[in-house]
Number of protein chains: 2
Amino acid sequence: MITVVLIGSGNVAYHLAHALNSSQKVNLIQRYARTDSHSSDFPVELPLTHDLEKLPIADVYLLAIKDDAIKMVSSRLDNLTGLVVHTSGTKSIEELQQKRKGVLYPVQSLSIDQKIEFRQVPLAIEANSPEDVFLLLKLGKALSDQVYELSSAEREKLHIAAVFANNFSNYMFSCAAEVCNENQIPFEILKPMILETGKKVQYMSPLDAQTGPARRGDQEVIDIHLCELQGEQQDMYRLISMAISKLYKHKQIQNGKKL
Amino acid sequence: MITVVLIGSGNVAYHLAHALNSSQKVNLIQRYARTDSHSSDFPVELPLTHDLEKLPIADVYLLAIKDDAIKMVSSRLDNLTGLVVHTSGTKSIEELQQKRKGVLYPVQSLSIDQKIEFRQVPLAIEANSPEDVFLLLKLGKALSDQVYELSSAEREKLHIAAVFANNFSNYMFSCAAEVCNENQIPFEILKPMILETGKKVQYMSPLDAQTGPARRGDQEVIDIHLCELQGEQQDMYRLISMAISKLYKHKQIQNGKKL
């Protein structure tokens, strides 16, 4: 049984509390929150403290707090013998002031109003001793089916990839919604296609899943679309289409096909 | 009962044949294909002809063929009294040479190796008389739960939106995969997040679903990421981040919030 103290009240703390409490291999013994706000909404009933200096002894202290607060909160966790772990995708393990430190980053965009199967959320872990890597691996596997050991440098690269995969793809949906709105076309009509786009890359590489005028090298359609767009949308359409065209032209040359 | 002749052998013809044949309100009486190739793979057994001049009498002739072939095939369909309909997202209704003409465009990226619930595929229809709009509406509703009447001009705008929603978002997944590959990080780790990105906008507007450094205005993280990227990926990261930052700054001003 791994004993855990959870620090935080936000989205990540919320989903982690649920997952920790559902595991037979974890004993979630206490939660720290700065204030009582949101406490009644919290999914798991467990002893709550507002005093960082009086945390009970535990194997792992999980900091599910804002990136900018990690350094400060960590500096206030004195005299702990357990492993102190943050859950940020962007911050280095070195943000933590403790000797025994680690990272457990859930690779998912988590919101409170969203039900999530936590066992399907990949976890990226890191620690600075083999024993603590082993402990985090054990904790990670108690919560999720996919646990990866990544260094802080690798996690930073993963975060860049996640910005493309999540933030930027969502922005493409925003642009689509804007084009629909401007032309009184219901955005509903694109929702099944959007869902399918995400589903397709579950079993197919995005390189193979690519379709559309830029992939086909259909400059006539690209030019028509560019004429209809303006400003940033036009710049974006041009830049992304050029990148796609170049990529697949290059692949055709590699494969010895006629252009 | 609407009698239909299907013309084509590709992805769209494949999925349409299946949907048409599953409907109690449709009688799919014949298929035309240029050659016998792929015929053994075709999902529906029905009379096949290679002769465009000898098509049987039907209510609707559905052209599920390449965009560039529509004009030519249509010009060879002489003396038909039924409604001739193409299934293209990009081509105008005017590509068809007949007096009675229409469009029935399935708004989904369809591949042969992919199972699809056709009733969930939105259909955009168009015809040039109220009677034919009514006929296509009836045919559309026999196949799908979502049928929209859109003009050729609206369909062109919808296609631009679909390029953003499907082609460009998929390219963002490609960029993410490339960043992963370059750093020996398994792309698997991002797949649940990608799926969730598509799921989220089913019940939430993409404007509200947006997260990430650009939405937060976190210039420090943006600058770190830009330093790590090169070439097109860097250009794209910069352009998209600027567009997101600008959009949400503008929204904050609109809402009277402090920047």
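Observations on the structure shown:
- In segment A:72-113, the trypsin sites (Lys or Arg not before Pro) that fall in loop regions by DSSP, at most 15 other Cβ within 10 Å: A:99
- Label-point gap, in nm, between residue B:232 and residue B:92 - each point 7 angstrom along Cα→Cβ: 3.2 nm
- Summary of the geometry: segment A:9-56 and segment B:123-196, compared by the centres of their Cα atoms, lie 41 Å apart.
- Nearest-first distances (nm) between copies at residue B:205, label 7 Å from Cα via Cβ: 3.8
- Taking segment B:115-211 and dividing mean pair separation by its residue count, relative contact order in percent (alpha carbons under 8 Å, at least six apart): 20 percent
- Using the Cβ-Cβ distance between residue A:246 and residue B:69 with R0 = 25 Å, the FRET efficiency computed as 1/(1 + (r/R0)^6) comes to roughly 0.35.
- In this rough spin-label picture, where each label sits 7 Å from Cα along the Cβ direction, the residue A:138-residue B:35 distance is 6.4 nm.
- Spherically averaged projected area in nm², based on the convex hull that wraps the Cα atoms of the protein assembly as shown: 27.6 nm²
- In chain B, taking the dipole from charged Cβ atoms about the Cα centre, the farthest positive-side position among B:221, B:184, B:50 is held by B:221.
- Using a 1.4 angstrom probe on protein heavy atoms only, the contact between A and B buries about 8100 square angstrom of accessible area, both sides summed.
- Measuring between alpha carbons in the structure, the pairs from B:66/B:141; A:199/B:200; A:200/B:191; B:71/B:101; B:191/B:251; A:141/A:200 lying more than 20 angstrom apart are B:66/B:141; B:191/B:251; A:141/A:200.
- Among B:48, B:190, B:150, the largest mean-square fluctuation in a Gaussian network model of chain B (Cα springs under 10 Å) belongs to B:190.
- Normalised contact order of chain B, rounded percent, pairs of Cα under 8 Å and 6 or more residues apart: 12 percent
- Folded to 0 to 90 degrees: helix A:191-200 orientation relative to chain A principal axis, Cα: 70 degrees
- For the segment A:142-152, counting C-beta atoms of other chains within 10 Å of every residue's C-beta and taking the mean gives 1.
- Sites residue B:182 and residue A:205, calculated FRET efficiency, Cβ-Cβ separation with R0 22 Å, nearest 0.05: 0.90
- Residues of segment B:224-252 buried by at least 50 Å² of accessible area upon assembly of all protein chains, compared with the chain on its own (1.4 Å probe): B:225, B:228, B:232, B:237, B:239, B:240, B:243.
- Shielding of B:207-217 by partner chains, average beta-carbon count, 10 Å: 5
- Ligands, DNA and RNA are left out, and with a 1.4 angstrom probe the accessible area of segment A:145-212 is 33 Å² per residue.
- Carbon/sulfur fraction of accessible area - segment B:102-259, other protein chains in place, 1.4 Å, %: 52 percent
- For segment B:24-119, the solvent-accessible area of protein heavy atoms averages 54 Å² per residue (probe radius 1.4 Å; ligands and nucleic acids excluded).
- For chain B, leaving out every one of the GluC sites (Glu not before Pro) that falls in a DSSP loop and has at most 13 other Cβ atoms within 10 Å, the longest unbroken run is B:118-259.
- Along the axis of the charge dipole computed for the protein assembly as shown (Cβ charges of +1 for Lys and Arg, -1 for Asp and Glu, origin at the Cα centre), the listed residues A:211, A:248, A:2 are led at the positive end by A:2.
- FRET efficiency, residue B:51 to residue B:1 (Cβ-Cβ, R0 30 Å, nearest 0.05): 0.75
- Per residue of the protein assembly as shown, the DSSP helices (runs of n ≥ 4 H) give a summed -39500 (n - 2.57) that works out to -13000 deg cm²/dmol at 222 nm.
- Using Cβ point charges alone (K and R +1, D and E -1), the dipole size of segment B:173-259 about the Cα centre works out to roughly 720 debye.
The values are calculated or read from the model by the stated rules, or taken from the named source; none is laboratory data. Since the model is a prediction, treat every value here as computed from it, not as a measurement. A quick note on method: Cβ atoms are made from the backbone with ideal geometry, for glycine too, and the neighbour counts reach across all protein chains shown. Heads up: the accessible areas ignore ligands, DNA and RNA and are worked out on the full protein's heavy atoms, side chains in. Shrake-Rupley method; radii C 1.70, N 1.55, O 1.52, S 1.80 Å.
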